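Below you'll find the structure, written out as structure tokens, and then a few comments.
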Amino acid sequence: MDLFLKIIAAAAMGMMVFYAWRSYQQWQEHGPKAEKGDWQAVILPLALVAGLVVLLIAMVR
């Protein structure tokens, strides 16, 4: 029974990868293209989150 569940789980993961790959290809072809200033809009929130994590780690030590 254990082998059967592993086979079913592997088949399910394979199907998820297949559908995710098809969605990825469609998004790459028809998705929005990056414009000037997009990276700056992403870097600021990421820097704030990283700063918060560093602050929380410093508070725990």
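Values in this text are rule-based calculations from the coordinates and carry no lab data. Here the structure is a predicted model, which means the values were calculated and not measured.
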(request) Determine ³J(HN,Hα), in whole Hz, for all residues of region 14-26 in sequence, where each value follows from phi through the Karplus function 6.51 cos²θ - 1.76 cosθ + 1.60 and θ = phi - 60°; x replaces Gly and Pro. (result) x, 5, 5, 5, 4, 5, 5, 5, 5, 5, 4, 4, 5
(message) Tell me the volume per residue, in Å³, of the convex hull enclosing the alpha carbons of region 2-60.
(response) 103 Å³
(message) Compute the helix-to-body angle for 38-60: its Cα long axis versus the longest principal axis of the chain, expressed 0 to 90° and rounded to tens.
(response) 80 degrees
